[in-house]
1. Looking at the range 235-245, which of the residues that are assigned to a loop (DSSP other than H, G, I, E, B) and among the hydroxyl-bearing types (Ser, Thr, Tyr) is nearest to the chain's Cα centre (by Cα)?
2. Somewhere in the range 82-94, is a residue open to solvent by 40 Å² or more (accessible area, probe 1.4 Å), closer than 18 Å to Gly394 by Cα, charged (D, E, K, R) and assigned to a loop (DSSP other than H, G, I, E, B)?
3. I want to confirm something. Restricting to the range 22-72 and keeping residues that are hydroxyl-bearing (Ser, Thr, Tyr) and part of a loop (DSSP other than H, G, I, E, B), which single residue is surrounded by the fewest Cβ atoms within 10 Å (Cβ to Cβ)?
4. Mind counting the residues in the range 100-123 that are touching a Pro at 6+ places or on another chain (Cβ under 8 Å), farther than 17 Å from Ala203 by Cα and either open to solvent by 40 Å² or more (accessible area, probe 1.4 Å) or part of a strand (DSSP E or B) (or both)?
5. Every residue in the range 247-271 that is under 16 Å from the mean Cα position of the chain (by Cα), open to solvent by 10 Å² or more (accessible area, probe 1.4 Å) and charged (D, E, K, R), please.
6. Being among the hydrophobic types (A, V, I, L, M, F, W, C), under 20 Å from the mean Cα position of the chain (by Cα) and over 30 Å from Glu245 (Cα atoms) is true for just one of Leu326, Leu335. Which residue is that?
7. Output the number of the condition that Arg350 fails; it satisfies all remaining conditions of (1) under 26 Å from Tyr177 (Cβ atoms); (2) surrounded by fewer than 22 Cβ atoms within 10 Å (Cβ to Cβ); (3) charged (D, E, K, R).
Amino acid sequence: MHRSPRLAATALLGTALLTLVPLSPAYARSLPAVGATAETAALYDDEDGGNANADDPAIWRDDAHPGRSLVVATAKEGGLRVYGLDAALVQSVPAPSPATEDDAPGRFNNVDLVTGLRTPAGRADVAVVSDRGNDRLRVYRIDPSRRGGPLKDVTDPAAAPVFSADQAEINEQRTAYGLATWQDRSTGRSYALVSRRDTTDLALLELRPTAAGTVGYRLVRTLSLPSSFRLPDGTSWTPCGEPGELPQVEGMVVDPENGTLYAGQEDVGIWRLPAGLDGRPVLVDKVREYGIPGTYDPETEECAPGTDPGFGGRRLAADVEGLTLLGKPGGHGYLMASGQGDNSFALYGREVSGRNAYKGGFRVTAVSADLDGSEECDGAAALDKPLGARYPHGLLVVQDGHETSASGSEEGREATGFKFVDLRAVKDAAGL
């Protein structure tokens, strides 16, 4: 979740988390509502809760027993959580301890999967995680029959920082942030695409299995997205933030059918570019706040807004987060993104030839006092395949950044979690 300054028209939620009041709340209210079918137990971002903060999920399908599929999710300093399809906890994996008491602790930000990774011992399914605290990737082999839990850490001990030169630079926390995996069908090689916190930098890393059974990586190339933009009236605009902070990317996903990367630049919009980072980025859609000038006030740590020039989009309220794919093979289906600012989800066509046209949207709302909706959604994952009797039409998992269920949270504690949603209900509600 992005905790940089917002425009001054804000409301305090939780503990000093500022969220921009959407420019057009009526739009979000007009979207169809979908209820979750299950939720995970609340995670608490405090000492008693192990500083656990839900962030990003991924869905692993057990092809032999689809009803035993798993959800792997990050909890920042709380490490990883693995859940069954009933949303019950299966395994908890701690984040690494700090190198010294003066260094940043491990902090797992985003997760994605690689199925059938080629290793010297054969094919393996792995979860790849961005460790923001240590500026590294961590890799976990998935084996549902393994005693003690399905995840086993197979990270190469020699894995180097992704962006930082040394520990001092790591401690500044301009480190590995968003993450998406990609398997190049033309070569069979597997990659991770990683964004850098508080910058516009993206890195392409090739995953490298070793003879020892571990997995490392090597840097292939980097690319920086724009940080300032020429507006239609000829002026230049940069999203307001703390001094030295650039508009970062977190939510990312790669379309496996055509190797297209979609990257959510939080205060700007959704970019489309080749996953190899070797082509020109195209802005698919903008957030509503695009183009609004702001002046940072260090005393309030907020941005005082200027006049809206009317150059923003209509469907996404910053931050844009939680990019995932829905649909069928052959390049058809949908790109989904969450708009944190108004708790909505937007759907776009996956066809590049159709310029990723907007197809509709929805909200995930409360079912009861014991099962609330999704607010301030940070991460999301969809799998459009049968997952046993519980989800025969597929599953959507979304992060809930403001857990309020009567049975899942405690008053006075910042709580987050994950909601499980029947994918057919989403498609029916959105008319897909």
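The values are calculated or read from the model by the stated rules, or taken from the named source; none is laboratory data. Fair warning: this is a prediction, and the values are worked out from it, not measured in the lab. With ideal geometry, Cβ positions are generated from the backbone for all residues, glycine too; neighbour counts draw on all protein chains shown. Calculation scope for accessible area: heavy atoms of the full protein, side chains included, ligands and nucleic acids excluded. Shrake-Rupley method; radii C 1.70, N 1.55, O 1.52, S 1.80 Å.
1. Thr238
2. Yes.
3. Checked the range 22-72; the qualifying residue surrounded by the fewest Cβ atoms within 10 Å (Cβ to Cβ) is Ser24.
4. Going through the range 100-123 one residue at a time, the tally reaches 5.
5. The answer is Asp267, and nothing else.
6. Within the list Leu326, Leu335, the selection yields Leu326.
7. Of everything listed in (1) under 26 Å from Tyr177 (Cβ atoms); (2) surrounded by fewer than 22 Cβ atoms within 10 Å (Cβ to Cβ); (3) charged (D, E, K, R), Arg350 misses just condition (2).
Residues are listed down the side, and each one gets a yes or a no for (1) farther than 23 Å from Arg81 by Cα; (2) open to solvent by 10 Å² or more (accessible area, probe 1.4 Å):
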| site | (1), (2) |
| --- | --- |
| Leu326 | yes, no |
| Ser338 | no, no |
| Lys359 | yes, yes |
| Glu375 | no, yes |
| Asp378 | no, no |
| Tyr391 | no, no |
